[in-house]
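One structure is given here, and the rest of the page talks about it.
Read-outs: derived from the displayed coordinates by stated rules, not from any lab. This is a predicted model, so every value here is computed, not measured. Backbone-built Cβ (ideal geometry, glycine too); neighbour counts: all protein chains shown.
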Amino acid sequence: MLRYPVPDDEYVQKGQQVFFVIDRELDRHSAGDILDAEGHRLWHYRRSDNPTPISTRNPFGKPDFLVADASEKDVCLIRRESFLPSRFSIIESDQPRGTLSLCSILRNRYRICIHDTSTWTFRLTLFTVFFWGDADGEPGVWVRVGPSKMEWSVLLKPSVSATPLVFALAFIHNEWWNYS
């Protein structure tokens with residue numbers, strides 16, 4: 001059984017903290033915000049308005065996941081690349097930045113590969129509100145759910161390159177909310 005690794009005091013004080021909040025107003029809760037520690041909006045995410053063609057890669061026509069900056073300019077796209085196994089591409093500024101793979105039929109383990117940096121394993125432990133991710137066995141991302149399931153508090157180790165990883169975690173949060 002995996003135990004939840006507790007972040008040490010240095011990570012809590014010097015780490016980057018972000019919050020994911022899914023929009024309660026939309027019918028399908030398919031959009032949300034990524035906020036900084038003071039509650040200011042850093043990015044907004046949503047599903048693409050354009051339907052994705054149905055194919056063997058995407059048999060249900062699942063729309064792309066888009067992340068936009070404060071000026072509503074799209075900065076990242078997460079697109080399904082294969083159905084079985086579930087794999088997604090992380091595309092930032094029209095350049096592939098990494099992949100995101102579902103590694104468990106229980107939808108509780110993901111692998112996030114960021115090109116030129118690291119590979120993360122993110123675990124959504126069943127029956128708890130604390131999740132974590134590690135790169136090469138070293139924990140570096142901690143998540144606490146709450147006060148509702150639509151909100152995640154995320155703490156990143158100070159040395160972690162955040163942008164594509166944060167976008168991938170926002171995608172996982174949206175998937176977890178909508179499909180679990």
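Please state which of the following conditions residue 121 fails to meet, knowing it meets all the rest: (1) exposed (fewer than 15 other Cβ atoms within 10 Å of the Cβ); (2) under 24 Å from residue 13 (Cα atoms); (3) among the polar types (S, T, N, Q). Answer for residue 121: the failing condition is (1).
Kindly state which strands (runs of 3 or more DSSP E) lie completely within the stretch 105-180 and contain at least 2 residues that are of a type in the set (Phe, Trp, Tyr) and out of contact with any Leu (no Cβ under 6 Å at 6 or more places or on another chain).
Working: elements: 109-114, 118-123, 130-135, 138-145, 151-156.
Where strands (runs of 3 or more DSSP E) fall fully within the stretch 105-180 and carry at least 2 residues being of a type in the set (Phe, Trp, Tyr) and out of contact with any Leu (no Cβ under 6 Å at 6 or more places or on another chain), they are 118-123, 130-135.
Determine whether residue 97 is in contact with a His (Cβ under 9 Å, 6 or more places away or on another chain) and basic (Lys, Arg). Considered against the rule, which asks whether it is in contact with a His (Cβ under 9 Å, 6 or more places away or on another chain) and basic (Lys, Arg), residue 97 comes out as yes.
Just to be sure before I move on: is residue 11 of a type in the set (Ser, Thr, Tyr) and assigned to a helix (DSSP H, G or I) in the structure I sent?
Details: of a type in the set (Ser, Thr, Tyr): yes; assigned to a helix (DSSP H, G or I): yes.
It is true that residue 11 is of a type in the set (Ser, Thr, Tyr) and assigned to a helix (DSSP H, G or I).
Each residue in the stretch 100-118 was checked for being crowded, with 16+ Cβ neighbours inside 10 Å, of a type in the set (Val, Ile, Thr) and over 15 Å from the mean Cα position of the chain (by Cα), and 0 pass.
Kindly evaluate residue 41 against the criterion of being among the charged types (D, E, K, R) and in contact with a Ser or Thr (Cβ under 9 Å, 6 or more places away or on another chain).
Details: among the charged types (D, E, K, R): yes; in contact with a Ser or Thr (Cβ under 9 Å, 6 or more places away or on another chain): no.
Considered against the rule, which asks whether it is among the charged types (D, E, K, R) and in contact with a Ser or Thr (Cβ under 9 Å, 6 or more places away or on another chain), residue 41 comes out as no.
Please work out if residue 54 is outside any loop (DSSP other than H, G, I, E, B) and of a type in the set (Val, Ile, Thr).
Values: outside any loop (DSSP other than H, G, I, E, B): no; of a type in the set (Val, Ile, Thr): yes.
When the stated conditions are applied, residue 54 does not pass them.
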